[in-house]
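Here's the structure, in structure tokens; my notes come after.
The values are calculated or read from the model by the stated rules, or taken from the named source; none is laboratory data. It should be emphasised that the depicted structure is a prediction, and the values quoted were computed from it without experimental measurement. Note that we place each Cβ from the backbone using ideal geometry, even for glycine, and neighbour counts take in every protein chain shown.
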Amino acid sequence: MSITGALNNAMSGLRAAGRASELVSSNISNALTPGYGRRVLALSTSAIGDFGGVKIDGITRMVNEGVASDKRLAEAKNNGAQLIADFFGRIEGLTGKPNEAFSISARMAAFESGLISASSRPDAPERLAGSVSDAKALIASLSDASDGIQKARTAADSQISRDVKQLNTGLEQLQMLNSQITSSQVRGSDTASLMDQRQQVVDRIGALVQIRTVPRDNGQIAIYTEGGAILLDGSAIEVGFTSANVVTAYQSVGAGTLSGMTINGLPIRSDSQTGPLRGGSIGAQFAIRDEYGPTAQRQIDALARDLVERFQDPTIDTTLAPGDPGLFTDGGVAFDPLDEVGLSQRLTLNAAVDPDQGGEAFRLRDGLNATIPGYSGDASLLNTLRETLNTTRIPASGSFGGGSFSAVNLVSALTSQFGAERTESERLLSFSSARLGELTEQLLADGVDTDRELQHLMLLEQSYAANARVHEAVDEMMQTIMRI
């Protein structure tokens, strides 16, 4: 080997060691950066004439795309499961557990106890007033639960709007990054940093909806949802959604009073089973707004209807005429079975017994349409009201598993149902979290290992020193020749 060849070999080795050291430094500094792919210097033997050495072929970005894709799907599923679990936890909190003083069960039990207390001393005005207060507290608990459900639906609707904007922004960024990566490849420039940026954007979109990426020519990617929608393939689509300021019990997608989604102006399904953008936080928010929320509302309304119909029967209170409202009313009037939606929010106590509405509590003992107080020792109507509360009947609406229920048992069935749904949602969340954790560990195992990088850096230091020594030896040989 000539002196020139030895010098060229040493110089190529120094360049390779120096460039590799830069990559190791970059890897270590970005060990915790989301979306960062470990860089590895691609080298090959250089053979130009009689000269050898090492040639830098480029920089390879090391990412296990299969695991990364599975992790995105798991993260979207986990995000959705978290939102659903939070919703059912909130619903259980609104209705309360039986042992909690503010729960619907506790308020129903207090109303029953109040009737028992009043029937034992029908001549005591304070006991009659206490029963009235207990009835109003029961009404308030149902109304508060219904209000909470609609607030949860409103919050979901608002979040959908924000998520859709984030999705559209992300798709525009991906289209731009695809173009930049293609241009960089044509120029022969390093594209690893651009791919890191693209990976971060893809991961953000993957949290909103379950997606898969498909490689395309010139370093570009296409994005499809698990539901079959094309989000990006060359050009990005635009998702449309119109948010409602407030969501009420009467609003739904089916009635046209709530917005669904569009892709490039064309309407698409938004349900959690067949919607093309299902999965992730967007799908979960639609499920809360359009499925779980309305179902919970129907159950609360069914409970309110059962309560109204129990006490609206004229055979219970002989002062009532057919069609008169009973103790519990639909906004002050008799309940219409065709207008059940939102009943729990309209539920009020009959004004005849409510002092706050100009009524008097003695009518709880003597009849709602009584004009003057009757015999103060007569507890027959109070006993009938209590018996009515405990009479078993088949609910006219709602899904309570079949059978007949007393009012107290119906409340227990409702709270048990919400508790079971919360438990099941937490079980699914636990499963999805474990799956996400497993895939995250797999992805990290293929990522930057700082110990391994430091070991590699030590080898590069030795390589650099060896090549530098060759360069130094060649220089000494040249100096010797020059002195001859």
Odd one out for Ile48, checked against (1) surrounded by fewer than 17 Cβ atoms within 10 Å (Cβ to Cβ); (2) modelled with pLDDT of 85 or more; (3) not small (Gly, Ala, Ser): (2)
Top-ranked residue in the range 110-128 [being of a type in the set (A, V, I, L, M) and crowded, with 22+ Cβ neighbours inside 10 Å; ranked as farthest from Leu381 (Cα to Cα)]: Leu128
Filter result for the condition that a residue is part of a helix (DSSP H, G or I) and at pLDDT 80 or above, over Ala10, Ala74, Ala101: Ala74
Exclusive hit being over 23 Å from Gly96 (Cα atoms), in the same structural domain as Ser133 (by TED's automatic domain parsing) and of a type outside the set (Val, Ile, Thr), set Leu389, Leu382: Leu382
Unmet criterion (only one of (1) among the hydroxyl-bearing types (Ser, Thr, Tyr); (2) more than 23 Å from the chain's Cα centre (by Cα); (3) at pLDDT 95 or above) for Ser463: (3)
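Out of curiosity, is Leu327 out of contact with any Asp or Glu (no Cβ under 7 Å at 6 or more places or on another chain), assigned by TED's automatic domain parsing to the domain that holds Leu142 and in contact (Cβ under 8 Å) with a residue 40 or more places away in the chain?
The answer is yes for Leu327.
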Filter result for Gln273 (under 26 Å from the mean Cα position of the chain (by Cα), part of a loop (DSSP other than H, G, I, E, B) and under 25 Å from Gly89 (Cα atoms)): yes
Any pair with Cβ under 8 angstrom, 6 or more apart, that starts in the range 163-182 at a residue that is assigned by TED's automatic domain parsing to the domain that holds Ala284 and ends at one that is in a helix (DSSP H, G or I) and exposed (fewer than 15 other Cβ atoms within 10 Å of the Cβ): Ile181/Asn218; Thr182/Asn218
Pairs where the first residue, in the range 118-146, is in the same structural domain as Gln357 (by TED's automatic domain parsing) and under 28 Å from Leu414 (Cα atoms) and the second is at pLDDT below 95 and polar (S, T, N, Q), C-beta under 7 Å, 6+ apart: Ala145/Thr95
Subset of the range 89-116 [closer than 11 Å to Thr415 by Cβ, touching a Leu at 6+ places or on another chain (Cβ under 7 Å) and not aliphatic (A, V, I, L, M)]: Thr95
So Asn79, is it assigned by TED's automatic domain parsing to the domain that holds Glu226, out of contact with any Leu (no Cβ under 7 Å at 6 or more places or on another chain) and without any contact (Cβ under 8 Å) to a residue 60 or more places away in the chain: no
One residue from Ile223, Ile181, Ile237, Ile211 being more than 20 Å from Asn264 (Cβ to Cβ) and hydrophobic (A, V, I, L, M, F, W, C): Ile181
Of all residues making up the range 15-40, the number that are surrounded by fewer than 19 Cβ atoms within 10 Å (Cβ to Cβ) and closer than 17 Å to Lys55 by Cα: 6
Qualifying residues in the range 442-454 (those that are under 12 Å from Asn64 (Cβ atoms) and either part of a helix (DSSP H, G or I) or of a type in the set (Gly, Ala, Ser) (or both)) - the one modelled with the highest pLDDT: Gln442
Some residue of the range 284-293 being of a type in the set (Ser, Thr, Tyr), on the phi < 0 side of the Ramachandran plot and surrounded by fewer than 22 Cβ atoms within 10 Å (Cβ to Cβ): no
Scan of the range 350-369 for residues that are under 19 Å from Ser119 (Cα atoms) and touching a residue at least 60 places away in the same chain (Cβ under 8 Å), ordered by number: Val353, Asp354, Ala361, Phe362, Leu364, Arg365
The range 216-263: number of residues that are touching an Asp or Glu at 6+ places or on another chain (Cβ under 6 Å) and over 26 Å from Thr191 (Cα atoms): 4
Close pairs (6 angstrom Cβ cut-off, 6 or more residues apart or separate chains): within 19 Å of Ile139 (Cβ to Cβ) in the range 86-105, surrounded by fewer than 17 Cβ atoms within 10 Å (Cβ to Cβ) and of a type in the set (D, E, K, R) anywhere: Ser103/Lys97
Test for Gly53: is it surrounded by fewer than 20 Cβ atoms within 10 Å (Cβ to Cβ) and either on the phi < 0 side of the Ramachandran plot or in contact (Cβ under 8 Å) with a residue 40 or more places away in the chain (or both): no
Every residue from the range 316-357 that is assigned to a strand (DSSP E or B) and in contact with a Lys or Arg (Cβ under 6 Å, 6 or more places away or on another chain): Asp330, Leu349
Checklist (1) of a type in the set (A, V, I, L, M); (2) free of Cβ contacts under 8 Å to residues at least 40 places away in the same chain; (3) under 19 Å from Ser113 (Cα atoms) applied to Ile372, failing item: (3)
